[in-house]
Amino acid sequence: MEKKHKNHDCGCKEEAGWIPVNSRIQVNTNRSISIQAPPGWEYLGRVKRGSKILRVASGGTTSVSCTCNSSGSCLPFIGSGPKGSTSGCAGDCNNCTMKQSAVIGNVNHDFVSGGYIDFADTVRFIDDDFQLPAAFPEMFELPEVQKAIKDFLERVYAGLPYPKMIIGENYVAAPIGYTMATVSLFGRATIMAVPAIAVPDNTQRMSAMAAGGAKASCSCTNGTCTVSSTSIPFVGSVTYCEGSCSGTCTLKASRIIGGGDELEFYKAIAYKF
């Protein structure tokens with residue numbers, strides 16, 4: 001996707017991608033960066049609005065390239081962290097284009113959105129301090145992801161009824177007795193409504209049962225990103241962020257502690273790639 005920026009760091013934070021830890025990184029002669037994720041990880045994304053999801057098989061390679069459309073220069077970078085890395089463009093160019101691409105079936109594809117997921121991982125509750133990148137819309141179109149969510153929620157609910165959710169302006173809240181729990185879905189953070197008694201963390205469970213539940217919301221530093229849910233028929237739903245945020249979009253989970261007050265207990269950054 002060719003998106004132009006007008007600041008001196010090329011807007012690298014605006015189009016940042018997330019890369020799994022222990023990925024193999026190679027700098028190419030054309031100044032692009034090639035990325036090979038660890039075994040089990042697959043890249044999947046969309047090449048244009050409304051198109052079907054394309055997948056880069058485990059062991060495959062994606063690349064990040066940057067083009068300066070004015071004076072100056074911009075180059076791709078990798079910023080390392082304990083749970084993975086971020087990629088983007090940096091330089092003194094004030095009109096820079098970033099591309100995330102991959103060769104699939106001998107055809108090069110430029111993605112407009114997407115990300116990595118870990119099919120070697122499971123679906124499980126995560127602690128409040130276990131940081132992961134947020135889930136992204138494209139992954140919920142895969143049948144195996146939908147089935148994993150269905151199986152997880154069926155185990156968690158164990159026959160209990162699914163609650164009537166409280167839908168507000170850019171938030172989804174769970175009623176008393178239920179909570180919005182943080183869940184790792186193939187290595188990406190998401191939020192699911194579950195019975196409070198099913199959550200392993202006792203603090204979160206008691207807060208949800210006694211004070212009026214919890215909610216999921218999204219916030220953007222520049223533009224908009226809104227909370228969205230994918231429903232699994234007869235089971236429940238999973239919550240994530242999507243929208244036209246050109247800054248940093250963050251998925252948040254908060255406990256409702258009474259009197260309209262909230263206590264944020266989890267947040268995850270939603271990357272574009």
Checklist line | Pairs, first in contact (Cβ under 8 Å) with a residue 24 or more places away in the chain and in the same structural domain as Glu242 (by TED's automatic domain parsing) in the range 149-177, second in a loop (DSSP other than H, G, I, E, B) and among the charged types (D, E, K, R), C-beta under 9 Å, six or more apart | finding: Pro175/Lys164
Notebook entry, point to check: Do we find a residue being more than 18 Å from Tyr271 (Cβ to Cβ), surrounded by fewer than 17 Cβ atoms within 10 Å (Cβ to Cβ) and in the same structural domain as Ser228 (by TED's automatic domain parsing) anywhere in the range 129-138?
Noted result: yes
Notebook entry, point to check: So which residues in the range 211-251 are small (Gly, Ala, Ser), part of a loop (DSSP other than H, G, I, E, B) and surrounded by 17 or more Cβ atoms within 10 Å (Cβ to Cβ), if there are any at all?
Noted result: Gly212, Gly213, Ser246
Item checked: Matching residues, the range 17-66, being part of a strand (DSSP E or B), of a type in the set (Lys, Arg) and more than 21 Å from Ala270 (Cα to Cα) -> Arg24
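Please find, among Ala102, Ala90, the residue that is among the small types (Gly, Ala, Ser), modelled with pLDDT of 90 or more and surrounded by 13 or more Cβ atoms within 10 Å (Cβ to Cβ). I'd like the intermediate steps shown before the answer.
Working: Ala90 fails: modelled with pLDDT of 90 or more.
Exactly one residue qualifies, and that residue is Ala102.
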Next item on the list: Please find, within the range 230-244, the residue that is nearest to Leu142 (Cα to Cα) out of those that are modelled with pLDDT under 80 and touching a helix residue (DSSP H, G or I) at 6+ places or on another chain (Cβ under 7 Å).
Entry: Ile232
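Just need a number here: residues in the range 252-273 that are more than 18 Å from Ile126 (Cα to Cα) and surrounded by fewer than 21 Cβ atoms within 10 Å (Cβ to Cβ). So that I can check it myself, show each step before the final result.
Taking the range 252-273 and keeping what is more than 18 Å from Ile126 (Cα to Cα), we get 256-262, 271-273.
From the residues that got through so far, the ones that are surrounded by fewer than 21 Cβ atoms within 10 Å (Cβ to Cβ) too are 257-262.
Going through the range 252-273 one residue at a time, the tally reaches 6.
Considering only the range 67-90, state which residues are outside any loop (DSSP other than H, G, I, E, B) and touching a Phe, Trp or Tyr at 6+ places or on another chain (Cβ under 9 Å). Please lay out each step first, then the result.
So in the range 67-90, the residues outside any loop (DSSP other than H, G, I, E, B) come out as 67-68, 74-81, 84-90.
Of everything in the range 67-90, those that are outside any loop (DSSP other than H, G, I, E, B) and touching a Phe, Trp or Tyr at 6+ places or on another chain (Cβ under 9 Å) turn out to be Gly84, Ser85, Thr86, Ser87, Gly88, Cys89, Ala90.
The values are calculated or read from the model by the stated rules, or taken from the named source; none is laboratory data. Remember, it's a predicted structure, so these values are computed and weren't measured experimentally. Heads up, the Cβs are rebuilt from the backbone with ideal geometry, glycines too, and the neighbour counts pull from every protein chain shown.
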